[in-house]
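Engineer: Just passing along the structure, written as structure tokens.
The values are calculated or read from the model by the stated rules, or taken from the named source; none is laboratory data. These numbers were taken from a predicted model, which means no experiment stands behind them. All Cβ positions, even for glycine, are placed from backbone atoms using ideal geometry, and neighbour counts span all protein chains on display. Side chains included, ligands, DNA and RNA excluded: accessible areas come from the protein's heavy atoms. Shrake-Rupley method; radii C 1.70, N 1.55, O 1.52, S 1.80 Å.
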Amino acid sequence: MGDHRYDLSHLPDSAGAGANEPAARAARRDRAVRAAVAQGLVGPDEPIAGLLDVDGIRATAAALHAAFDAVTAPGTPVLHAFAVKATPLVPVLRLLAEAGLGAEVASPGELALATAAGIPPERIVLDSPAKTPAEIREALRLGVALNADNPQELERLDAILDGATPSSPVGVRVNPQVGGGSIGALSTATPTSKFGVALRDPGARDWVLGAYAARPWLTRLHAHSGSQGMPLELLAEGLGALYDLAEEINEAAGRKQIDTLDIGGGLPVNFHSDADDPSHAAYAALLRKTVPGLFDGRYGLVTEFGRSVLAKHGTVLARVEYTKSAGERPIAVTHAGVQVATRTVYNPESWPLRIAAFDAEGRPRTGDTVVQDVAGPACFAGDLLATGQTMPRLHPGDWAAALDTGAYYFAHHYAYNSLPRPAVHGWTERPGAAGEEPEVRFATVRPAQTVAEIVAEGGEAHRDGLTGLADL
Ligand SMILES: Cc1ncc(COP(=O)(O)O)c(C=O)c1O
């Protein structure tokens, strides 16, 4: 991490504890948009970028620690393992590591990203439902904790260990089957979810008890009852089931076999305003009330929050290329669509985004409010960031900002139409002179993908691979 341009932790912390107050957050974002335009990070030839609010991320990391510190017995080990899938960007993981977080990973790629960020193995948890023997061996070699998803995986582990005790903490993932939330695709605790051991299925609980009795080295238990759209009460109910099962296992063992409960992530995010609602503090307090035994110091805790750590800190800034009207509906055609907001475009009811309007200089647009569509650049009719949104009328050369996109959005590129991965920049502020606005400073998180890279990734080196087949 010698190159400071790629090291967000190098940026000074200028905002402090109040950074995530809604008004402060919005004001900071407005200044960042203005600065991104003024400093040429975006422009006619760079018509889209992702922006990350470094002060906001730092404040959320601090708030997450404080939320669990407030409800756990002093001295309880708590590891907040950020779900890398939410924002798989090395400088972001580095920033979070500096703020005391670890990483939850679910693939060799995510493990490599966490390692590249300098996160030590003992602060990483591997959770994929499809771990290969090689991935399991590598986790054990590194000392990375892992949660077995199913009986077959546990047998595979047995075979790999061949009687030895693992050097990594190992647990089993269970599905408490408490039910789903409003978004089926993100509900992991339904009766038929693909994740973990389905605890309420006939015989499953006994199987889990037997598995722990037979393997004294199983010291963790894991559940992740996410995610967006899940009522908090249901999340808490799932963790109540996790806790009860751990108690039963420990009682049967006559000792504290399970020493750590991994309670997953899954805290939903508010996509309708700048408020952190629900907050980590509210969730921790609810868990403390519902499952007090989780926090009395007998169990270490691992959390795996992703969306709730990063979503509110990301903005996609996209240039308005043209404006038009169809069926009397104003439409702004921008450079952000399905490639950066895949879930929203394919499932707009479940994933509505707020779009903020800025003029060509990056100043917030006010007045002349209309009902308009904000479209993306991709060649299909449904490529819309927002449909019928009431907002200030956009003009060619303006900027449309898709808010709350720091998790599962611009870092999850979808290569439709070979649209390039946009650059991502992190920003912080230096206090301005008396009466002056703060100065916004940017650091590169990821450069934009080039057209040459697109061609190379499109198989350029194998250009004659298919046509040459006939000659073989
Ligand atoms: C095992 C596991 N942990 C944590 C997460 C992170 O969830 P969220 O981003 O909703 O906090 C996920 C998301 O899919 C997951 O599968």
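Engineer: Please list, ordered by first then second residue, the pairs with beta carbon atoms under 6 Å, 6 or more apart or interchain, first in the range 223-240 and on the phi > 0 side of the Ramachandran plot and in a loop (DSSP other than H, G, I, E, B), second among the small types (G, A, S) and away from the ligand (no atom under 12 Å from the Cβ).
Structural biologist: As it stands, the answer is G229/S182, since those pairs meet every condition given.
Engineer: Here's a follow-up. So A311 clears everything in (1) in contact with a Gly (Cβ under 6 Å, 6 or more places away or on another chain); (2) in a loop (DSSP other than H, G, I, E, B); (3) small (G, A, S) except one condition, right? Which one?
Structural biologist: (2)
Engineer: Moving on to the next point. List the number of the failed condition for R319; all other conditions in (1) over 30 Å from E361 (Cα atoms); (2) touching a Ser or Thr at 6+ places or on another chain (Cβ under 7 Å); (3) of a type outside the set (V, I, T) hold.
Structural biologist: So the condition that R319 fails would be (1).
Engineer: Being touching a residue at least 24 places away in the same chain (Cβ under 8 Å) and part of a helix (DSSP H, G or I) is the filter here; which residues of the range 59-75 pass it?
Structural biologist: Those that are touching a residue at least 24 places away in the same chain (Cβ under 8 Å) and part of a helix (DSSP H, G or I): A59, T60, A61, A62, A63, L64, H65, A66, A67, F68.
Engineer: Continuing with the same structure: For the range 251-264, which positions are assigned to a loop (DSSP other than H, G, I, E, B) and in contact with a helix residue (DSSP H, G or I) (Cβ under 7 Å, 6 or more places away or on another chain)?
Structural biologist: K256, Q257, I258, I263
Engineer: Take the residues of the range 322-351 that are of a type in the set (D, E, K, R) and touching a residue at least 12 places away in the same chain (Cβ under 8 Å): which is surrounded by the fewest Cβ atoms within 10 Å (Cβ to Cβ)?
Structural biologist: My answer is R329.
Engineer: Oh, and also: Do we find a residue being over 30 Å from E349 (Cα atoms) and in the same structural domain as R319 (by TED's automatic domain parsing) anywhere in the range 414-428?
Structural biologist: yes
Engineer: Take the range 233-265 and flag every residue that is open to solvent by 30 Å² or more (accessible area, probe 1.4 Å) and either at pLDDT 95 or above or within 13 Å of the ligand (Cβ to nearest atom) (or both).
Structural biologist: Y243, D244, E247, E248, E251, A252, A253, G254, R255, K256, D259 - these are the residues of the range 233-265 that are open to solvent by 30 Å² or more (accessible area, probe 1.4 Å) and either at pLDDT 95 or above or within 13 Å of the ligand (Cβ to nearest atom) (or both).
Engineer: Pick out, from the range 78-137, the strands (runs of 3 or more DSSP E) lying fully within it that include 3 or more residues that are under 20 Å from A61 (Cα atoms).
Structural biologist: 78-83, 102-105
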